[in-house]
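Reading through the structure tokens given below for one structure.
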Amino acid sequence: MKKGLIALIIFLGALVAFPLIFQDPFPRHTLIMIMLYAAMGIGWNIIGGYTGQVSFGNAAFFGVGAYATAIMLVNFGITPWLGMLVGCVFSVALAIIVGYPCFRLQGHYFAIATIAVGEIMLLVFTNWEYAGAAVGIYMPILPESFMNFEFHTSKLPYYYIILVIFVAAIGVCWFFERSRLGYYCRAIKEDPDGARSLGINIQRYKMIAFSISAIITSICGTFYAQYVLYIHPTSTMDLMMSIQLCIICLIGGLGKLYGPVIGAFVFIPLTELTRVYLGSEGQGVDLMIYSMLIIILAIWRPQGLWAIFTKGTAK
Amino acid sequence: MKKDLLIIDNITKRFGGLLANQNISFSIDEGEIIGLIGPNGAGKSTLFNCISCYYNSNSGKILFNGTDISRKTPEAICQMGIGRTFQLVRIFKEMTVLENIMIGAFLKHAKQGDATAKAEETANLFGFTEKLSLEAGSLTISDQKRLEVARAFATEPKILLLDEMMAGLNIQEVRETTDLILKLRGMGLTLVLVEHVMEGIMPIANRVIVLDYGLKIAEGTPEEVVNNEKVIEAYFGKKYHAKRRGNTAPLQ
């Protein structure tokens, strides 16, 4: 326990110091993407890992966060920070609307239903003129400031903002793990009927977990919109993104606090490197590598990479 | 002791054309140990699932403390004070023993610290003190069954419904289980047991209810029930029953 805390402090210290040592945009960008996906992975892990409800629709929350921010900023000039909040509200609303009927489905059926929801959202935004349709939305270029959530000369502010979001996500998950909610969610994953016999309203707790997952993902969506300053439906709501979140958790360790963190640190550099060195022709090469990685993991360490670190120590 | 803590009033449960429970009525007083027995397929588990609201009965009422619970959900029933275990254990296998009991304890103790304290106390009572950090899936079957009871007990119920707790246990374990059940009653619990193991249930039950083909065919003290003609017929068939009637030797 003590050892874990020290490791965490060293790890976070290294993250804080990283951009001061590496001044180039590319390593900074890579780490921003790692932390972005790690935070989203933590969000996915809460519903998919701890609660065992595999969601292939989490990208929809990312998109809702991004679009809420973009629409409010472009059309009404409202600060993205407020857009972030509104995005969260809409994401929770979506989670509840989707969760209410879908959580009656068990196992694979829930997963399939979330694919449908994700695709519906993608289609809606691809055809919705007000939201820029398939062309997407360009953010207006505003003066650099924290309130405007835009920084043009350096990635450094973005880096620290996502670091805060990332640490906050770890914090939320840490509390989640130790709360009644977290225990109940794990019970629901292991045996829903057994959980009900102990007075657990499984619908309600699945819904709460899904909402937390939605909020974390939505905040990441807002960050992404402000970071890239251009969003379109396939960059924010693609099914592939939901699958990537699932893969990140699978590689790192399902239902483990640091699982998605490890997963993102393995996954994103590979994606970024293949993108840089192979360009668009190399699209998918990273996924081929992951599939191999997953196969190897499934044989060698089905609990995920996280299990390597805990090997030999008490659980 | 409160009379009629739980009243089963004319419960009928149908699965398509099959009448699993047909107009079953009985009542349970506080502090009783009730045995629910009957041959395979008699409808015991169905009735059990109706009481714990995993099934909703087609007609009839179940009154707990005067409230009709027959249309409620399993989680609501547990919150009202009826705990249950399952015929095939449904413990959380990948969690530790302590965590399993904590899930139960969380019902009345929302804080992690309180739930842990309650769970540890419960674990001591059920003899899990040395096994708290073991993974529940690694326990022996008899320990797993006991863990399921401990988990349900941690929700602080008034009634515990135990579904075939003694099935598959050896003689020593059956004895330990009966001791445990008596201990639970001593703590003010009311217990309903579905059981096939007669040497387990008969010495401890205050009353036994016998089902056969979905009907209640007998109710009474264990002695009354074992000598009941209908019960003997249900268990051994008409032929044996006829033979035995000619022979006055008591059934061993």
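The values are calculated or read from the model by the stated rules, or taken from the named source; none is laboratory data. Note that the structure is a prediction, hence the values are computed from the model and not measured. Neighbour counts are summed over all protein chains in view; Cβ atoms, including those assigned to glycine, are modelled from backbone coordinates with ideal geometry. Areas reflect the complete protein model, heavy atoms only, side chains present, ligands, DNA and RNA absent. Shrake-Rupley method; radii C 1.70, N 1.55, O 1.52, S 1.80 Å.
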#### Entry: Under 5 Å, built H, 5+ apart or other chain: amide partners of residue A:253
A:305, A:306
### 10 Å binning of all Cα-Cα separations within chain B, expressed as whole percents from 0 upward
7, 30, 34, 20, 7, 1, 0
### Query
Based on the alpha-carbon gyration tensor of chain A, what equivalent-ellipsoid semi-axes (square roots of 5 times the eigenvalues) come out, in whole Å, largest first?
29, 25, 19
### Summary
Here the alpha-carbon Rg of the range B:22-152 over 2.2 N^0.38 Å rounds to 1.17
### Query
Counting only heavy atoms of protein chains, what accessible area per residue, in Å², does chain B have with a probe of 1.4 Å?
45 Å²
### Message
In whole Hz and in residue order, list the ³J(HN,Hα) couplings for the range B:153-164 that follow from phi through the Karplus curve 6.51 cos²θ - 1.76 cosθ + 1.60, θ = phi - 60°; x for Gly and Pro.
### Response
4, 5, 7, 6, x, 9, 10, 10, 9, 10, 9, 6
### Message
Using a 1.4 Å probe and counting only protein heavy atoms, how much accessible surface gets buried when A and B come together, both sides summed, in Å² to the nearest 100?
### Response
2100 Å²
### Query
So what's the back-of-envelope 222 nm ellipticity for chain A, counting only DSSP H runs of four-plus at -39500 (n - 2.57) apiece and dividing by all residues, rounded to 500?
-24000 deg cm²/dmol
## Note on the structure
Counting as exposed only trypsin sites (Lys or Arg not before Pro) in DSSP loop states with no more than 16 other Cβ atoms inside 10 Å, the longest exposed-site-free span of chain B is B:112-252
### Query
Viscosity 1.002 mPa s, temperature 20 °C: Stokes-Einstein D of the range B:93-156 from its Kirkwood Cα radius, in µm² per second?
194 µm²/s
### Task
List the relative contact order of the range B:1-126 as a percent without decimals, with contacts defined as Cα pairs under 8 Å and 6+ residues apart.
20 percent
### Task
Starting from the alpha-carbon convex hull of the protein assembly as shown, give the projected area averaged over all orientations, in nm².
31.4 nm²
#### Entry: Where N is the number of residues in the range B:1-80, Cα Rg divided by 2.2 N^0.38 Å
1.06
### Summary
The aspartates and glutamates whose Cα lies under 17 Å from the Cα of residue B:238, excluding any fewer than 8 residues away in the same chain, are B:212, B:229
### Query
Taking a ≥ b ≥ c as the square roots of the eigenvalues of the Cα gyration tensor of the range A:106-241, is the shape rounded (a/c under 1.5), prolate (a/b larger than b/c) or oblate?
oblate
### Query
Can you pull the percent of the protein assembly as shown's accessible area that's carbon plus sulfur, 1.4 Å probe, other chains left in place?
63 percent
### Task
Filter the cross-link list B:3/B:183; A:206/B:108; B:2/B:44; B:61/B:183; B:3/B:118; B:3/B:111 down to pairs whose alpha-carbon distance in this structure exceeds 27 Å.
B:61/B:183; B:3/B:118; B:3/B:111
### Task
Shielding by partners for B:86-92, please: the mean number of other protein chain Cβ atoms within 10 Å of each residue's Cβ.
4
### Message
Tell me the mean residue ellipticity at 222 nm calculated for chain B from its helices only (DSSP H runs of n ≥ 4, each -39500 (n - 2.57), averaged over every residue, nearest 500).
### Response
-11000 deg cm²/dmol
#### Entry: Shielding of A:187-194 by partner chains, average beta-carbon count, 10 Å
6
